[in-house]
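Note sheet for the following structure.
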Amino acid sequence: MGEYRSVNYKAELVGVLGDPVAENPTGVMQEAAFRAVGLNWRYLTIQVKPEDLEDAIRGVRAFGMRGINLTIPHKVAVMQYLDEIAPDAQMIGAVNTVRRVGDHLIGENTDGKGFLRGLQVDAGFDPTGKRVVILGAGGAARAVSTELVLAGAAELIIVNRTPLRGEQMVADLRHRTGGTVSLLPWTGTYVVPPDVDLLVNATSIGLYPDVDAMPDVDLSQARADLLVSDVVFNPPETRLLHAARERGLRTLDGLSMLVYQGVIAFELWTGRDAPEQVMKDALKEALGVA
Ligand SMILES: NC(=O)c1ccc[n+]([C@@H]2O[C@H](COP(=O)([O-])OP(=O)(O)OC[C@H]3O[C@@H](n4cnc5c(N)ncnc54)[C@H](OP(=O)(O)O)[C@@H]3O)[C@@H](O)[C@H]2O)c1
């Protein structure tokens with residue numbers, strides 16, 4: 001007669017919906033984190049076409065999934081299928097993380113918060129009262145800009161190639177956050193002035209395979225303690241960060257934002273502290289960086 005043993009083979013499910021999604025490395029770091037803290041959770045990387053998103057969210061509900069990440073092209077479209085949107089995700093106008101509370105699906109945005117946490121933890125930079133230049137006016141730029149205003153940055157200057165997109169982002173930011181935000185059209189080389197404390201490349205310039213591309217900026221007038229950061233994480237050392245380092249400027253790479261958006265999602269889903277170092281190491285290994 002064997003002893004009675006209580007078993008539970010049912011894993012808790014989270015994951016990411018995107019299209020394309022196969023090269024998304026978030027699952028590697030989340031699964032490493034679940035193993036490290038002994039949670040029987042699984043992170044599924046699922047390709048979902050735009051026209052199937054509504055059904056996919058029904059699936060999230062039907063499977064009782066604990067949460068989900070959204071990536072291109074679902075971050076805006078998903079909002080209509082959720083029960084609640086967190087205030088900062090509402091301000092950003094996009095959701096990259098959903099958590100389930102009871103039978104409610106709540107939309108969050110951890111991209112900008114992840115950037116902010118990396119800024120503080122990895123670069124020791126406090127945005128309070130600082131003047132910031134953001135290159136770009138897409139989803140990443142909106143998330144980063146919103147959280148910087150909420151964190152107390154004094155002034156944001158958005159530099160964007162397409163004027164209309166830039167104008168819309170600046171109008172939304174001013175209206176939703178009440179922050180001091182202005183727009184500079186990006187024509188020719190943008191010379192970073194000496195009164196700027198933080199420069200963020202929030203465009204996709206330099207993203208693999210276009211690794212030789214660099215935002216058209218001139219760092220020669222920048223102050224000596226300017227922090228230059230990049231949301232592009234593949235490769236982690238973009239040409240912009242390389243150029244900044246060569247000038248002796250401080251830098252913060254896109255891996256930092258990627259790790260911390262995952263750390264914050266882990267915390268939202270599990271209610272536990274995330275094993276940050278485990279997640280960083282897993283991500284670096286997955287991306288083949290030492
Ligand atoms: N590290 C992380 O955790 C993280 C998280 C989210 C996103 N990202 C990265 O962030 C980057 C941007 O993503 P997104 O979702 O914001 O993309 P998006 O919504 O498509 O926006 C892209 C932005 O880049 C600008 N841009 C692209 N090519 C340009 C060029 N040659 N010259 C000038 N401007 C150019 C676009 O300007 P126009 O308006 O003129 O087209 C637009 O403002 C991607 O590389 C993505 O991988 C990283």
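Annotations
- Extent along the principal axes, Cα only, for the chain: 80, 40, 34 Å, with the longest axis given first.
- In the range 1-62, the trypsin sites (Lys or Arg not before Pro) that fall in loop regions by DSSP, at most 15 other Cβ within 10 Å: Arg5, Lys10
- Dividing the summed -39500 (n - 2.57) terms of all DSSP H runs of n ≥ 4 by the residue count of the chain sets its mean residue ellipticity at 222 nm at -11000 deg cm²/dmol.
- Excluding exposed DSSP-loop GluC sites (Glu not before Pro) (at most 11 other C-beta within 10 Å), longest clean stretch of the chain: 24-290
- Candidate cross-link partners of Lys280 among the aspartates and glutamates, defined by an alpha-carbon separation under 20 Å and a same-chain spacing of 8 or more, comprise Glu23, Glu31, Asp111, Asp122, Asp230, Glu237, Asp253, Glu267.
- Under 21 Å from the Cα of Lys130 - lysines, other chains or at least 8 residues apart: Lys113
- Furthest towards positive pole of dipole, Leu135, Gly152, Ser220, structure part the range 112-252, Cβ charges: Gly152
- Over the chain, Cα pairs under 8 Å with separation of 6+ residues give a relative contact order of 17 percent.
- When the alpha carbon coordinates of the range 112-252 are projected onto the principal axes, the ranges are 38, 32, 27 Å, largest first.
- Listed by chain and number, the lysines whose alpha-carbon sits under 19 Å from that of Lys49, ignoring those within fewer than 8 places in the same chain, are Lys75.
- For Ser145, solvent-accessible area (1.4 Å; no DNA, RNA or ligand), Å²: 0 Å²
- In terms of its C-alpha gyration tensor, the range 87-163 has an oblate overall shape, because the principal axis ratio a/c (a ≥ b ≥ c, square roots of the eigenvalues) is not below 1.5 and a/b does not outweigh b/c.
The values are calculated or read from the model by the stated rules, or taken from the named source; none is laboratory data. Not measured: the values here are computed from a predicted model. A quick note on method: Cβ atoms are made from the backbone with ideal geometry, for glycine too, and the neighbour counts reach across all protein chains shown. Note: areas computed on protein heavy atoms with side chains; ligands, DNA, RNA excluded. Shrake-Rupley method; radii C 1.70, N 1.55, O 1.52, S 1.80 Å.
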